[in-house]
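Q: The structure under discussion is supplied below as C-alpha cells; questions concerning it will follow.
The values are calculated or read from the model by the stated rules, or taken from the named source; none is laboratory data. If you're wondering where the values come from, they're calculated on a predicted model, not measured in any experiment. Note that each Cβ is placed from the backbone with ideal geometry, even for glycine, and that neighbours are counted across all protein chains shown. In case anyone asks, the SASA skips ligands and DNA or RNA and just uses the protein heavy atoms, side chains included. Shrake-Rupley method; radii C 1.70, N 1.55, O 1.52, S 1.80 Å.
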Amino acid sequence: MESYLNEHFGVQPKHTSEEVLGRWRKLCGVVKNPKRRFRFTANLSKRCEAAAMRRTNQEKLRIAVLVSKAAIQFLLGVSPSDYTVPEEVKAAGFQVCADELGSIVEGHDVKKLKFHGAVSGLAEKLSTSTTDGLNTNTDLFNRRQELYGINKFAEAKPRSFWIFVWEALQDMTLMILGVCAFVSLIVGLAVEGWPHGAHDGLGIVASILLVVFVTATSDYRQSLQFRDLDKEKKKISIQVTRNGFRQKLSIYDLVPGDIVHLGIGDQVPADGLFVSGFSVSIDESSLTGESEPIMVSAENPFMLSGTKVQDGSCKMMVTTVGMRTQWGKLMATLSEGGDDETPLQVKLNGVATIIGKGGLFFAVLTFAVLVQGMLSSKLQEGTIWSWSGDDALGLLEFFAIAVTIVVVAVPEGLPLAVTLSLAFAMKKMMNDKALVRHLAACETMGSATTICSDKTGTLTTNHMTVVKSCICMNVQEVNNNASSLCSEIPESALKLLLQSIFNNTGGEVVANKAGKREILGSPTETALLEFALSLGGDFHAERQASKTIKVEPFNSTKKRMGVVLEIPGGGLRAHTKGASEIVLAACNKVIDSNGEVVPLNEASVKHLNLTIDQFASEALRTLCLAYVDLENKFSPDDSIPVSGFTCIGIVGIKDPVRPGVKESVALCRSAGITVRMVTGDNINTAKAIAKECGILTDEGIAIEGPDFREKTMEELLELIPKIQVMARSSPLDKHTLVKHLRTTFDEVVAVTGDGTNDAPALHEADIGLAMGIAGTEVAKESADVIILDDNFSTIVTVAKWGRSVYINIQKFVQFQLTVNIVALIVNFSSACLTGSAPLTAVQLLWVNMIMDTLGALALATEPPNEELMKRSPVGRKGNFISNVMWRNIIGQSLYQFTVIWLLQSKGEAMFDLVGPDSALILNTLIFNSFVFCQVFNEISSREMEKINVFQGILDNYVFVIVLSVTVLFQIIIIEFLGTFANTSPLTLTQWFVSILIGFLGMPIAAALKNVPV
C-alpha cells in the first residue's frame, strides 16, 4: 500500500507542481462529501483565475509606471492643471483629497506632485510634519480617519456555524439514508401505523442529525482556530514618528500623513512618498512582475504598498491607505485559492480512496447476499409473487445497511483528522511562541533530521554590550566606569571614534513618550551607541556637525557598512565598520597610543589579529572601526573605497548564550536531530559559542564560508556530514549547504533566518524558520514558521509538536482502520451466513461517529510528551502506515471479529436467550460488545509500542471527555432508545460481559506490542 500511496498520492511539503496536485484529485473515488473532504485543499481552478488576474493587474500597473516615466520630461514643461479642494476636505481642515493623493502616487504623477509643492507641500496640506509626524491629540486625527480611510483590506465574511451544518449535510451517503428514512417512515406508517411504524425512520433521521451536528461543531471549532491564526499572521508592526517621537505601531493603524521609517527587508505598508534616506531600492515584483529593483529618491519619490525595501533605509510619508492602494485593490480582486494540501492529507486521501473502494464492493455484495437470502426464503415459501409492506421494509432495511456500510467503510475522517490535529497543534504552538504560516510545516517539522541555526539572537540572548575594546592599540576592559577609559584615549582619536559610531549607524538615539532617552536599532548598533554615549558623546550634536553624503547599509555579503560625511572643516571622510578581519585587511594605517596616524606595520597587524582572536575565543563578537579621508571629487554615485583606511579600533561585544539552549541542543541530539550553527561571525567566536551550547563536538568540524565555497563536489560529500559550525558564511553558502543536505544526503532540513538575504535558504529548506523579533518582513514571508521569541528552545518545541502531530495521526489511523475492517467483515460475513446483519443502520451511524469525529478529537489532540524526543526522526523515506501499525490493526481486528462471531453463533446458548426477543437481545449484546471493544481499543491506541497506555491520560482532557460521552451515550442508546436504535435493555450480567469483552482487547493489545516486526 505504501508504495502505491507514494507513487499516486505523494506530494512535497512545499513547491508541489499544479500537475501533481491535480493528479491525486482525479484518483480520489468514492467521496461521500467533496465539500467537507476537500475543504482544506487548494482550489486549483480559483488559483488559475487568480494568477490570470494578477498578471493582468501587473501588466496594467507596469504600463502605467512606464508611461509616467516616459512622460516626466514632457510633463515638466507643461503648466500644472487646476485642482479644486472638495468642500468636505476643506471643512475637515485639509487641503487635498484622498483621490488626488491616490492618483499622484499610483500614477507616478510628477506634474501633480510639483503642483502641490512636492513632498513638503503635500505634508502641509495633510496637516503633518515630516520631522515630528502627526499630532494625534487633536480632533483632526479622528476626522483624518473618516476622510481618508483606514489601512485595512476587505476580507471575506467569516463562515457561520449553519454553513458547516449545510456542508455536513452534503454527504451523499447521508442523503441516501435520509431518503431511506423517509420511505421507511411512509411504508412503516402505512403498514404498522403511528407510532410503531415511525420508529425505524425516525431513528435513522435522529442519527443523521446527530452525526451532522457533531461534525459541524468540530469543523466550526477548527475554522475558529484557523481564523485566530490568520489574525496572528497579519500582525505587522512598523516604526513611526508621531507627536515628535518614534514609536512602534501596527500597520493597520496608519493614516495619511504618518511618517514611517523603513529599512532593508521591510514591506511598504501603504502608498507613500519618499521624505529622506539613502540608497533605497525597492522590489516591485509583487505588484508589477518586474524583477529589476527600482531606485527611490527625491527625484523618484513614489512608493507603493506591498512592495519590499531591498536596500537602504528611508523615511516615507503615507498618502494612501487600505482599499485605495493598488495593493488593496489587488488583494480584493484575488482569491488565493487556499494553501497547498499537506503530504499527510494527500496520503490519507489515498488510504480513504483504497478502503472506500473496498467498502463499496463489500456494501454491494452484502446487499446482494441479503436480497438473495430474502428471495430464497420467499421461493421456498412459494410467496415470490406476493409482496407485503413488511417485505418492502425488509428490502429498505437491507439497502440502508448497505449504504451504512459505505458510511463506515469510507474513512472520510482520515484526511480531516490531519487538519484537526494540525489546527490543534498550531493553536498550542502559538501559545509556545511559534506561529505556523503553512500547515505542511507543522507535520514536516516532525520528520526533521537537521536544524541549521543562526547564532545571534537564536542561540544567544541578543542583548549586547561592549565589554572589551582595543582603541589606539590599547586593550581595555569596558566596565561601568567609562571615565577611566575615556581619559586613556587621546582627544583626537576619541573625536574620530564618536564621529564613526554616531554617523555610521543604522540606530538612533531618541526621546520616548516619558521624555527619557531611548536607543533604537539592532542589538549590535544599540551596544555601540551605548558605548559611545558612556564615553560622553552627544548623538544629535555629532549628527548635526556633519552632512551625510552617502550611506551603504550593512549587508551579509560584504559584512561591512559605510558612510561618507562632509566634515565641519571641509573635505569628505568615509567611515566603515564590520567584520574585524575584513575591515582590518582594508586598512594600511592605524591610530597609535599617542593619537597619531602611523603606517600599519607587521607587528601592529599581528597585535591586532591576536586581539581579535583573543576577543573571539572569549565568545565576544568583534567589530573593527576605520576611516579614510576622500578627495573632494567623490560623487554620491561612486562606491565607498574598499582600501586605504585608518584603523580606529576594535570592540568586543558580549552576547550571552540563552538559558536552556545547551539542554535543547542535547535534547535534539537524543532525538536524532543534528544541530548545525551557520553564522556570519568570526570563526573563533562561533566555535566558542558552539562549544558552550554543545553544538561543536570532538568529531565535528568548523569551517569558514570562503573555504566551503572552494571545495569540490567530492570534498563536499565527505565534509558536509561532519560540519557542525560554518562561520563567516554568506547567504549563498547557507543556501548551498541546505541544498546539499536535502538533495545529496536526503535530510529533512529546518533553517533559521532573519535577514532579507536569508530568503533563498528559507525557501529552499523543508522548513523555513524566521525570527519574529529580529526578522525582516521579507524573511517572514519566505518562512513556514515564525519563531516569535527568536529562541532556539522554541524551535525544539516546534519539532516536538511536529512529531506529536505525525504520531497522533498514526494512532488515529490505526484505530479507525481497525473499526473499518471489523465492521465490514462482521456485517458481510453475517449477511452471507445468517441472511441478516447484526448491526443496523442507526447502530452503524453511531459507530461511524465514534471512530470518525469523536475518535479524531480524542486521539488527534494528544499533547506531546518528553518520550517523543527519544525516538529517531521519521526522515524523508519513512513509511506512514508502519509495520507496527499493521501488526496492531490485524491483531486487534482478529480478536474483535472472533469474539463477535462467537457471540453471533453461540451467544443464545451462552446467555440462555429464549423467546421472541432473543435475537434482538443478542444483536444488542453484539452491538454493545463491539462499541466497548472500540472504547478500550481507543485507550490502547494512545501508545503504538508502549504497554503503559494510561500514562498522562488525565492531561488530555479532550480524550477523557470524548470517552466519557461515548460511554454515557452508549448506555442511553441501549437502555432508553431501544425503539429507535433496535436495541433492548441488558441485564447487569450482560453489561458486565460486554464491558469485559471490550476490556480483554487491552491485554491482547499489550501482548501484540511484544511481537517483533
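Q: How about segment 314-354: which of its residues are at pLDDT below 80, of a type outside the set (Phe, Trp, Tyr) and closer than 30 Å to Glu100 by Cβ?
A: Gln326, Gly328, Lys329, Leu330, Met331, Ala332, Thr333, Leu334 - these are the residues of segment 314-354 that are at pLDDT below 80, of a type outside the set (Phe, Trp, Tyr) and closer than 30 Å to Glu100 by Cβ.
Q: Under 9 Å between Cβ atoms, which residue pairs at least 6 apart in sequence (or on different chains) link something in segment 968-990 that is at pLDDT 90 or above and in a loop (DSSP other than H, G, I, E, B) with a partner that is of a type in the set (Phe, Trp, Tyr) and open to solvent by 50 Å² or more (accessible area, probe 1.4 Å)?
A: Once the first residue is at pLDDT 90 or above and in a loop (DSSP other than H, G, I, E, B) and sits in segment 968-990, its partners that are of a type in the set (Phe, Trp, Tyr) and open to solvent by 50 Å² or more (accessible area, probe 1.4 Å) give Pro985/Phe976.
Q: Same structure again: Does any residue of segment 766-779 turn out to be touching a residue at least 40 places away in the same chain (Cβ under 8 Å) and under 22 Å from Lys711 (Cα atoms)?
A: no
Q: Okay, next question. Gly272 - would you say it is open to solvent by less than 30 Å² (accessible area, probe 1.4 Å), modelled with pLDDT of 85 or more and out of contact with any Phe, Trp or Tyr (no Cβ under 7 Å at 6 or more places or on another chain)?
A: Criteria met by Gly272.
Q: Across segment 647-656, which residue is nearest to Gln614 (Cα to Cα) among those that are open to solvent by less than 30 Å² (accessible area, probe 1.4 Å) and not in a loop (DSSP other than H, G, I, E, B)?
A: By that ranking, first place goes to Gly652.
Q: Can you tell me how many residues within segment 613-637 are more than 28 Å from Thr456 (Cβ to Cβ), part of a loop (DSSP other than H, G, I, E, B), touching a residue at least 24 places away in the same chain (Cβ under 8 Å) and charged (D, E, K, R)?
A: 1
Q: Restricting attention to segment 362-386, which residues are open to solvent by 70 Å² or more (accessible area, probe 1.4 Å) and either in a helix (DSSP H, G or I) or within 11 Å of Phe398 (Cα to Cα) (or both)?
A: Val364, Gln372, Leu379, Gln380, Glu381
Q: Same structure again: Out of the residues in segment 130-144 meeting the condition of being outside any loop (DSSP other than H, G, I, E, B) and in contact (Cβ under 8 Å) with a residue 40 or more places away in the chain, tell me which one is surrounded by the fewest Cβ atoms within 10 Å (Cβ to Cβ).
A: In this case the residue turns out to be Phe141.
Q: I'd like to know if segment 563-574 contains one or more residues that are open to solvent by 20 Å² or more (accessible area, probe 1.4 Å) and within 29 Å of Ala727 (Cα to Cα).
A: The answer is no; no qualifying residue exists.
Q: Moving to a separate point now. Which one of the conditions (1) assigned to a helix (DSSP H, G or I); (2) open to solvent by 10 Å² or more (accessible area, probe 1.4 Å); (3) touching a Leu at 6+ places or on another chain (Cβ under 9 Å); (4) farther than 24 Å from Leu857 by Cα does Leu913 fail to meet, given that it meets all the rest?
A: The failed condition is (1).
Q: Would you mind stating whether Glu945 is modelled with pLDDT under 85 and exposed (fewer than 15 other Cβ atoms within 10 Å of the Cβ)?
A: no
Q: Pick out the one residue from Ser305, Ser291 that is without any contact (Cβ under 8 Å) to a residue 12 or more places away in the chain, within 28 Å of the chain's Cα centre (by Cα) and not in a strand (DSSP E or B).
A: Ser291 is the lone residue from the list that is without any contact (Cβ under 8 Å) to a residue 12 or more places away in the chain, within 28 Å of the chain's Cα centre (by Cα) and not in a strand (DSSP E or B).
Q: Filter segment 110-122 down to residues that are out of contact with any helix residue (DSSP H, G or I) (no Cβ under 6 Å at 6 or more places or on another chain), open to solvent by 30 Å² or more (accessible area, probe 1.4 Å) and of a type outside the set (Phe, Trp, Tyr) and give me whichever is nearest to Asp258 (Cα to Cα).
A: My answer is Ser120.
Q: If you take the residues in segment 628-650 that are among the hydroxyl-bearing types (Ser, Thr, Tyr) and out of contact with any Cys (no Cβ under 7 Å at 6 or more places or on another chain), which one is modelled with the highest pLDDT?
A: Within segment 628-650, the subset among the hydroxyl-bearing types (Ser, Thr, Tyr) is 635, 639, 643, 646.
Then keep just the ones that are out of contact with any Cys (no Cβ under 7 Å at 6 or more places or on another chain); that gives 635, 639, 643.
Details: Ser635: 84, Ser639: 87, Ser643: 91.
Within segment 628-650, the match that is modelled with the highest pLDDT is Ser643.
Q: Starting from segment 451-478, take each residue that is touching a residue at least 60 places away in the same chain (Cβ under 8 Å) and over 25 Å from Val738 (Cα atoms) and list its partners that are open to solvent by 30 Å² or more (accessible area, probe 1.4 Å) and of a type in the set (Ser, Thr, Tyr), counting only C-beta distances under 6 angstrom and pairs at least six apart or across chains.
A: Final answer for the pair search is Cys472/Ser593; Met473/Ser593; Asn474/Ser593.
Q: Can you tell me which residues in segment 217-247 are assigned to a strand (DSSP E or B) and open to solvent by 60 Å² or more (accessible area, probe 1.4 Å)?
A: Ser237
Q: Quick one: in segment 382-407, of everything that is farther than 18 Å from Val179 by Cα and β-branched (Val, Ile, Thr), which residue is farthest from the chain's Cα centre (by Cα)?
A: Thr383
Q: From the residues in segment 480-498 that are in a loop (DSSP other than H, G, I, E, B) and either touching a residue at least 12 places away in the same chain (Cβ under 8 Å) or on the phi > 0 side of the Ramachandran plot (or both), which one is surrounded by the most Cβ atoms within 10 Å (Cβ to Cβ)?
A: Ranking the candidates gives Ile489 first.
Q: Could you check segment 499-512 and list, in sequence order, the residues that are open to solvent by 50 Å² or more (accessible area, probe 1.4 Å) and within 35 Å of the chain's Cα centre (by Cα)?
A: Gly506, Glu508
Q: Separate question: Of a type in the set (A, V, I, L, M, F, W, C), open to solvent by 30 Å² or more (accessible area, probe 1.4 Å) and more than 19 Å from Leu741 (Cα to Cα), is that true of Val642? Step through it out loud before you land on a result.
A: Working: of a type in the set (A, V, I, L, M, F, W, C): yes; open to solvent by 30 Å² or more (accessible area, probe 1.4 Å): yes; more than 19 Å from Leu741 (Cα to Cα): yes.
It is true that Val642 is of a type in the set (A, V, I, L, M, F, W, C), open to solvent by 30 Å² or more (accessible area, probe 1.4 Å) and more than 19 Å from Leu741 (Cα to Cα).
Q: Identify, from the list Val551, Val598, Val583, Val563, the residue that is touching a helix residue (DSSP H, G or I) at 6+ places or on another chain (Cβ under 6 Å) and either in a loop (DSSP other than H, G, I, E, B) or not aromatic (Phe, Trp, Tyr) (or both). Full working, then the answer.
A: Numbers: Val551 fails: touching a helix residue (DSSP H, G or I) at 6+ places or on another chain (Cβ under 6 Å); Val598 fails: touching a helix residue (DSSP H, G or I) at 6+ places or on another chain (Cβ under 6 Å); Val583 fails: touching a helix residue (DSSP H, G or I) at 6+ places or on another chain (Cβ under 6 Å).
It is Val563.
Q: Separate question: Checking the condition open to solvent by 20 Å² or more (accessible area, probe 1.4 Å), of a type in the set (Lys, Arg) and over 25 Å from Gln476 (Cβ atoms), which residue from Lys633, Lys606, Lys589 passes?
A: Details: Lys606 fails: over 25 Å from Gln476 (Cβ atoms); Lys589 fails: over 25 Å from Gln476 (Cβ atoms).
Being open to solvent by 20 Å² or more (accessible area, probe 1.4 Å), of a type in the set (Lys, Arg) and over 25 Å from Gln476 (Cβ atoms) holds for just one of Lys633, Lys606, Lys589, which is Lys633.
Q: Among Ala70, Ala64, which is the only one that is surrounded by fewer than 13 Cβ atoms within 10 Å (Cβ to Cβ), modelled with pLDDT under 85 and of a type in the set (Gly, Ala, Ser)?
A: Result: Ala70 is the single residue among Ala70, Ala64 that is surrounded by fewer than 13 Cβ atoms within 10 Å (Cβ to Cβ), modelled with pLDDT under 85 and of a type in the set (Gly, Ala, Ser).
Q: Further question: Any idea which residue in segment 421-446 is nearest to the chain's Cα centre (by Cα), counting only those that are surrounded by 23 or more Cβ atoms within 10 Å (Cβ to Cβ) and among the polar types (S, T, N, Q)?
A: Thr444
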